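S.K.: Below is the structure I would like to discuss, written out as structure tokens.
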Amino acid sequence: MIWLTDLINIDPTKVKIQAIEKEILDGIQGIAMDKYGINVTNVGFKHLGFPELVTTKVFDRMKAERDRKSEKYRAEGKRDAQKIKSEADLQASAKLVQAEAEAKRIRAEGDRSAAEYYAVFGKNPELAAFLRKLESLRQTITEKTTLILDTRTPPYDLLLPGATDLGKKTPAPTSAEQGK
């Protein structure tokens, strides 16, 4: 049986015109010689033509086949996209859970450290005040800072002589300093 795809095909290896011509030649050579005394040496196709109705149906079938294939590829693409998205969502969820656990661990560690510092500060409030003043100085005074302030104003009272001696009171300003 001869199929249309044996005669016309986009894949040249599937076109079987020469095999079909040889099969026809082999089939008629004996009959032509016996009945008519004619030696047939060659059979060939000059033109392949189909009625318009057949051509239209063939093209419609080809189009329908292409549509089925393209729909199949679209469905596969959507399925693969959904699979990739699901895997990404799963990985994102796992990373969020891991990050939240790490954040809780870090918060707990910070709370524990803060509790230790607060305990020390509770025992020695002067140290706590001193450290807070140092931090304020560190934040307000930079490399080229010029301040014109009363040195008795916290945290700048740390700049007075003897102010860093913990356990001792800050020296009272002298009468000369009070007059300024």
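The values are calculated or read from the model by the stated rules, or taken from the named source; none is laboratory data. Given the structure is predicted, the values throughout are model-derived calculations rather than measurements. Cβ sites come from the backbone with ideal geometry, for glycine too, and all protein chains shown count toward neighbours.
S.K.: Could you look through the range 63-93, keep only residues that are among the small types (Gly, Ala, Ser) and within 15 Å of the chain's Cα centre (by Cα), and pick out the one that is farthest from Ile10 (Cα to Cα)? Can you show your working first?
M.R.: Step one: of the range 63-93, the residues among the small types (Gly, Ala, Ser) are 64, 70, 75, 77, 81, 86, 88, 92-93.
Those still in the list that are within 15 Å of the chain's Cα centre (by Cα) too: 81, 86, 88, 92-93.
Values: Ala81: 31, Ser86: 39, Ala88: 40, Ala92: 46, Ser93: 49 Å.
Among them, the one singled out is Ser93.
S.K.: Then there's this: So if I check each of Glu76, Glu52, which one is at pLDDT 90 or above and over 19 Å from Ile2 (Cβ atoms)?
M.R.: Numbers: Glu52 fails: at pLDDT 90 or above.
Among Glu76, Glu52, only Glu76 is at pLDDT 90 or above and over 19 Å from Ile2 (Cβ atoms).
S.K.: Still on this structure, please answer the following. Would you pick out the residues in the range 95-131 that are assigned to a helix (DSSP H, G or I) and polar (S, T, N, Q)? Can you show your working first?
M.R.: Initially, the range 95-131 is screened for residues assigned to a helix (DSSP H, G or I), giving 95-123, 125-131.
Across the range 95-131, the qualifying residues are Gln98, Ser113.
S.K.: Return the pairs, sorted by first residue and then second, in which the second residue is part of a helix (DSSP H, G or I) and loosely packed, with under 10 Cβ neighbours inside 10 Å, the first residue lies in the range 101-114 and is in contact (Cβ under 8 Å) with a residue 24 or more places away in the chain and of a type in the set (Lys, Arg), the beta carbons are less than 9 Å apart, and the residues are 6+ apart or on different chains.
M.R.: Every condition considered, no pair remains.
S.K.: Looking at the structure I just gave you, is Met62 in the same structural domain as Asn9 (by TED's automatic domain parsing) and either touching a strand residue (DSSP E or B) at 6+ places or on another chain (Cβ under 7 Å) or surrounded by 10 or more Cβ atoms within 10 Å (Cβ to Cβ) (or both)?
M.R.: On the way: in the same structural domain as Asn9 (by TED's automatic domain parsing): no; either touching a strand residue (DSSP E or B) at 6+ places or on another chain (Cβ under 7 Å) or surrounded by 10 or more Cβ atoms within 10 Å (Cβ to Cβ) (or both): yes.
No; evaluated as a whole, the condition is false for this residue.
S.K.: Please count how many residues of the range 35-44 are surrounded by 11 or more Cβ atoms within 10 Å (Cβ to Cβ) and within 18 Å of Ile17 (Cβ to Cβ).
M.R.: Step one: list which residues in the range 35-44 are surrounded by 11 or more Cβ atoms within 10 Å (Cβ to Cβ), which gives 38, 40, 43.
This time we only want the ones that are within 18 Å of Ile17 (Cβ to Cβ), so: 40, 43.
Residues that pass the stated criteria total 2.
S.K.: Sticking with this structure for a sec: Of the conditions (1) assigned by TED's automatic domain parsing to the domain that holds Thr5; (2) under 30 Å from Leu7 (Cα atoms), Gly37 fails just one. Which one is it?
M.R.: In the conditions (1) assigned by TED's automatic domain parsing to the domain that holds Thr5; (2) under 30 Å from Leu7 (Cα atoms), Gly37 misses (2) alone.
S.K.: For the range 7-34, give me each residue that is among the aliphatic types (A, V, I, L, M), loosely packed, with under 13 Cβ neighbours inside 10 Å and within 21 Å of Met62 (Cβ to Cβ).
M.R.: Ile10
The rows are residues; the columns are (1) surrounded by 12 or more Cβ atoms within 10 Å (Cβ to Cβ); (2) out of contact with any Asp or Glu (no Cβ under 8 Å at 6 or more places or on another chain); (3) outside any loop (DSSP other than H, G, I, E, B); (4) modelled with pLDDT under 85.
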site	(1), (2), (3), (4)
Ile84	no, yes, yes, no
Ser93	no, yes, yes, no
Lys133	yes, no, yes, yes
Gln139	no, yes, yes, yes
Leu158	yes, yes, yes, yes
Pro171	yes, yes, no, yes
